[in-house]
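A.B. asks: Have a look at this one.
The values are calculated or read from the model by the stated rules, or taken from the named source; none is laboratory data. These numbers come from a predicted model, not from an experiment. Ideal geometry is used to build each Cβ from the backbone, glycine not excepted, and the neighbour counts take in all protein chains shown. All accessible areas refer to the heavy atoms of the entire protein, side chains included, with ligands and DNA or RNA removed. Shrake-Rupley method; radii C 1.70, N 1.55, O 1.52, S 1.80 Å.
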Amino acid sequence: MAKKNNKPGRFDDQDADVAVKSRAKTKKPSMYKVLMLNDDYTPMEFVVNVLERLFGMSVDEATRVMFHVHQKGVGMCGVFTYEVAETKVNQVMEMARREQHPLQCAIEKE
Ligand code: TYC
């Protein structure tokens with residue numbers, strides 16, 4: 001661009017055509033665990049189905065997670081950004097509500 005000639009044959013530093021690499025500041029988003037809680041009434045098969053459909057687990061993986069929750073009281077379905085985690089929880093609750101199961105799901109910041 002325009003050379004600002006303060007003196008003949010000189011550049012003003014600030015206007016010189018120098019490509020300055022500036023990297024936009026990026027921050028990794030906070031991640032959130034989606035937790036499944038045990039209860040005495042939701043059928044095991046329903047929980048396995050939820051884990052397959054909403055969390056992309058295989059039958060084996062979903063069964064393992066379901067039994068973990070059944071035995072320990074709580075277990076992890078996955079880790080997501082806040083908005084995705086919130087959506088997953090809402091989807092789990094909606095699936096459970098439709099079938100009138102008391103299944104509960106929660107978000108925990110990592
Ligand atoms: N405890 C339930 C039963 O015995 C099964 C179950 C597992 C429920 C995991 C909820 O998140 C859960 N039918």
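A.B. asks: Find the residue count for the range 29-56, including only residues that are under 18 Å from the mean Cα position of the chain (by Cα) and of a type in the set (D, E, K, R).
C.D. replies: Number satisfying all stated conditions: 3.
A.B. asks: Could I ask something else about it? May I ask you to list the residues in the range 63-103 that are in contact with a Ser or Thr (Cβ under 9 Å, 6 or more places away or on another chain) and near the ligand (Cβ under 10 Å from one of its atoms)?
C.D. replies: The answer is A96, H101, P102, L103.
A.B. asks: Kindly check whether there is at least one residue in the range 18-34 that is loosely packed, with under 12 Cβ neighbours inside 10 Å and at pLDDT 95 or above.
C.D. replies: Looking for residues that are loosely packed, with under 12 Cβ neighbours inside 10 Å and at pLDDT 95 or above, one finds at least one in the range 18-34, hence yes.
A.B. asks: Follow-up. Would you check if K72 is basic (K, R) and under 13 Å from the mean Cα position of the chain (by Cα)?
C.D. replies: Against the criterion (basic (K, R) and under 13 Å from the mean Cα position of the chain (by Cα)), K72 does not qualify.
A.B. asks: Open to solvent by 30 Å² or more (accessible area, probe 1.4 Å) and either in a helix (DSSP H, G or I) or modelled with pLDDT of 95 or more (or both): does that describe V92?
C.D. replies: No: the conditions fail for V92.
A.B. asks: Hey, among L37, L51, which residue is open to solvent by 50 Å² or more (accessible area, probe 1.4 Å) and closer than 13 Å to V92 by Cα?
C.D. replies: Details: L51 fails: open to solvent by 50 Å² or more (accessible area, probe 1.4 Å).
When all the criteria are applied, what remains is L37.
A.B. asks: Taking interchain pairs and intrachain pairs at least six residues apart, which have beta carbon atoms under 6 angstrom, with the first residue in the range 63-74 and more than 16 Å from V34 (Cα to Cα) and open to solvent by less than 80 Å² (accessible area, probe 1.4 Å) and the second modelled with pLDDT of 95 or more and in a helix (DSSP H, G or I)?
C.D. replies: T63/V48
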